[in-house]
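Data block below; observations after.
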Amino acid sequence: MNKKLVGAAVVGAAILAVVVALFWSGEAPAAAPPPSTAAPSPSAQPSVAEYAFPDVADGRGWAIRIPVPSGWAVTRDKDRASYRSGNLLLETDKVPITQEDALSGLKAIAAKTHYDGSVVTPVEAGDIPDAAEWDYTYLRDGTPERVAVVGLGAGDSLVTIRFEAPPAEFDRNRGVLDAAMKVSAPG
């Protein structure tokens with residue numbers, strides 16, 4: 001008798017014995033758990049929005065890198081990127097400014113909007129020494145929305161990080177903005 005044929009018969013018999021044992025015991029192999037549909041947590045953010053400034057630092061250039069939520073719906077329009085998960089919105093953008101610093105730039109933008117209770121204050125944002133935050137609430141279709149905008153001074157531009165949510169969800173999800181504020185600007 002052929003040794004390969006005998007070996008194959010032994011292996012086949014062993015597999016058949018395992019299948020019969022499972023059938024008779026009534027136990028089925030454990031099914032894989034269903035994939036998670038939960039929104040990604042703010043702490044798990046490997047994605048990055050990057051705004052490059054190639055013509056600075058004597059032509060060496062540098063970039064501002066902003067950690068953003070991965071797994072959120074993303075839309076892009078030129079320098080603006082919007083990340084959305086349900087009622088939560090995180091936007092990044094780069095706009096030209098004529099003011100010399102982020103605080104003055106955000107104050108100028110805030111003055112044009114006339115939102116009551118609007119406050120602009122200096123903040124720390126990662127590696128960027130020139131940063132400010134603007135907090136306000138506005139009505140969208142009759143429903144209040146709370147917003148925090150962080151402005152980062154970048155030469156003749158203001159890079160903004162905007163977090164918006166209904167007031168009841170804003171503080172509970174503030175970690176999304178806090179994670180995004182861990183910006184880096186390698187030179």
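The values are calculated or read from the model by the stated rules, or taken from the named source; none is laboratory data. This structure is a prediction, so every number in the text was calculated from the model and none was measured. Cβ sites come from the backbone with ideal geometry, for glycine too, and all protein chains shown count toward neighbours. Note: accessible area is taken over every heavy atom of the protein model, side chains too, but ligands, DNA and RNA are not part of it. Shrake-Rupley method; radii C 1.70, N 1.55, O 1.52, S 1.80 Å.
Scanning segment 146-162 for residues that are assigned to a strand (DSSP E or B) and either of a type in the set (A, V, I, L, M) or in contact with a Phe, Trp or Tyr (Cβ under 8 Å, 6 or more places away or on another chain) (or both) gives 146, 147, 148, 149, 150, 151, 152, 154, 157, 158, 159, 161.
Condition first: at pLDDT below 90 and either in contact with an Asp or Glu (Cβ under 6 Å, 6 or more places away or on another chain) or part of a strand (DSSP E or B) (or both). Now tell me which residues in segment 124-136 satisfy that. Reasoning before the result, please.
Initial filter on segment 124-136 (at pLDDT below 90): 124-131.
Those that are at pLDDT below 90 and either in contact with an Asp or Glu (Cβ under 6 Å, 6 or more places away or on another chain) or part of a strand (DSSP E or B) (or both): 125, 128, 130, 131.
Kindly indicate which of 77, 101, 93 is of a type in the set (D, E, K, R) and exposed (fewer than 14 other Cβ atoms within 10 Å of the Cβ).
Values: 101 fails: exposed (fewer than 14 other Cβ atoms within 10 Å of the Cβ); 93 fails: exposed (fewer than 14 other Cβ atoms within 10 Å of the Cβ).
Just one listed residue meets the conditions, 77.
Select from segment 59-97 the residues that are hydroxyl-bearing (Ser, Thr, Tyr) and assigned to a strand (DSSP E or B) and write down the one among them that is nearest to the chain's Cα centre (by Cα). Talk me through it step by step, then tell me what you get.
Restricting attention to segment 59-97, the residues satisfying the condition of being hydroxyl-bearing (Ser, Thr, Tyr) are 70, 75, 82-83, 85, 92.
From the residues that got through so far, the ones that are assigned to a strand (DSSP E or B) too are 75, 82-83, 85, 92.
On the way: 75: 12, 82: 9, 83: 7, 85: 10, 92: 10 Å.
Within segment 59-97, the match that is nearest to the chain's Cα centre (by Cα) is 83.
When the criteria are applied in full, residue 165 fails the requirement of being in contact with a strand residue (DSSP E or B) (Cβ under 8 Å, 6 or more places away or on another chain) and closer than 25 Å to residue 53 by Cα. Against the criterion of being without any contact (Cβ under 8 Å) to a residue 12 or more places away in the chain, open to solvent by 60 Å² or more (accessible area, probe 1.4 Å) and not in a strand (DSSP E or B), residue 168 qualifies.
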